[in-house]
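Data first, discussion second: the structure below is written as structure tokens.
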Amino acid sequence: MSRPPKPPAAPRLYLVTDRRSTAGRDLLDVVAQALQGGVDAVQLREKDLSTRELCDLARALNELCKRHGARLLVNDRIDVALAVGAGGVHLPAQSFDPRDARRLLGAGAWIGCSTHSVDEARAAAESGADFVVFGPIFDTPSKRDLGTPLGLDALSSVCTTLAVPVVAIGGIDTGNIRQVRRHGCSRVAVIRALLEAPDPAAAAAVLCG
């Protein structure tokens, strides 16, 4: 009897942290609400923290994610991911080769890569990334240093050409999520759409569809 296909090692709703975007609320409280609404992976991305502070926050988030059946991925810091037993790592475009991360983290870890062009997305997939985060799709303050948004047509193109899951990022919120889905992408990463939402659980439910 054939085995059922292995589910993709990729999030459907990927929350990227920014503790300064919570409208004064505690980050852990906001993340907990978002997890209740359907977030299935959280990327810890707090670049200004010391290693000890980052580990402390990672441990707390990792326990929170586990309670909700979700995964914590640590941005760029393989050492922190290993130290706290996180579910994986998220690699910026100029970071480690995914193959090196895999050797360190093992087969069970999720390895995601940020990409900002079709060529970058293809290279990340060929290097062993479990999924690629592609964007920015729309204009967003956190991605303006990357230039003009890539747009929905580019998203549609990369979704149809890559063999690994594509997670769209950049200005995605409850108002435009349907456009993203119509262009062939059912996986999204967000920051402000959840962290700034008055009701993160309700917003997450909408983004999950």
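Once whole DSSP H runs in the chain are found, which of them have Cα atoms spread over 18 Å or more along the helix axis and a mean Kyte-Doolittle score of at least -1.0? If you can, show how the numbers build up before the last one.
Details: long enough: 51-67 (24 Å, -0.49).
Within the chain the helices that satisfy the rule are 51-67.
Quick check: pseudo-label points 7 Å beyond the Cα along Cα→Cβ at A163 and D119, how many nm apart are they?
2.2 nm
Test of understanding: ordering T17, T160 by Cβ neighbours within 10 Å, fewest first, what list do you get? Don't jump to the answer; show the numbers that get you there.
Values: T17 23, T160 10.
Arranged by neighbour count, lowest to highest, T17, T160 become T160, T17.
Could you work out [θ]222 nm for the chain from helices alone, using -39500 (n - 2.57) per DSSP H run of at least four and dividing by all its residues? Round to the nearest 500 deg cm²/dmol.
Values: 9 runs with 82 residues, N = 209.
Value at 222 nm, helices only, nearest 500: -11000 deg cm²/dmol.
Would any residue of the stretch 172-189 have its amide N under 11 Å from a label point 7 Å out along Cα→Cβ of A23? List them or say none.
none
Ranking request for peptides 193-202, 49-58: highest mean number of other beta-carbon atoms within 10 Å first, then the rest in descending order. Mind dumping the intermediate values first?
Values: 193-202: 19.1, 49-58: 14.6.
Answer by packing, highest mean first, reads 193-202, 49-58.
Evaluate the distance, in nm, between pseudo-label points positioned 7 Å from the Cα of A202 and of S186 along their respective Cα→Cβ axes.
Once both label points are built, they end up 2.7 nm from each other.
GNM, the chain, Cα, under 10 Å: largest mean-square fluctuation among V133, V158, V89?
The residue with the greatest mean-square fluctuation here is V158.
What does the C-alpha gyration tensor say about the overall shape of the stretch 13-208? Classify as rounded when a/c is under 1.5, otherwise prolate if a/b is larger than b/c, or oblate. Spell out each step's value before the answer.
On the way: a/c = 1.61, a/b = 1.08, b/c = 1.49.
Since a/c reaches 1.5 but b/c is at least a/b, the shape of the stretch 13-208 is classed as oblate.
Taken together, the values in this text are just the output of simple stated rules run on the coordinates, not laboratory data. All of these numbers come straight from a predicted model, not from anything done at the bench. Don't worry about glycine lacking a Cβ; one is built from the backbone with ideal geometry, like all the others, and counts go over all protein chains shown.
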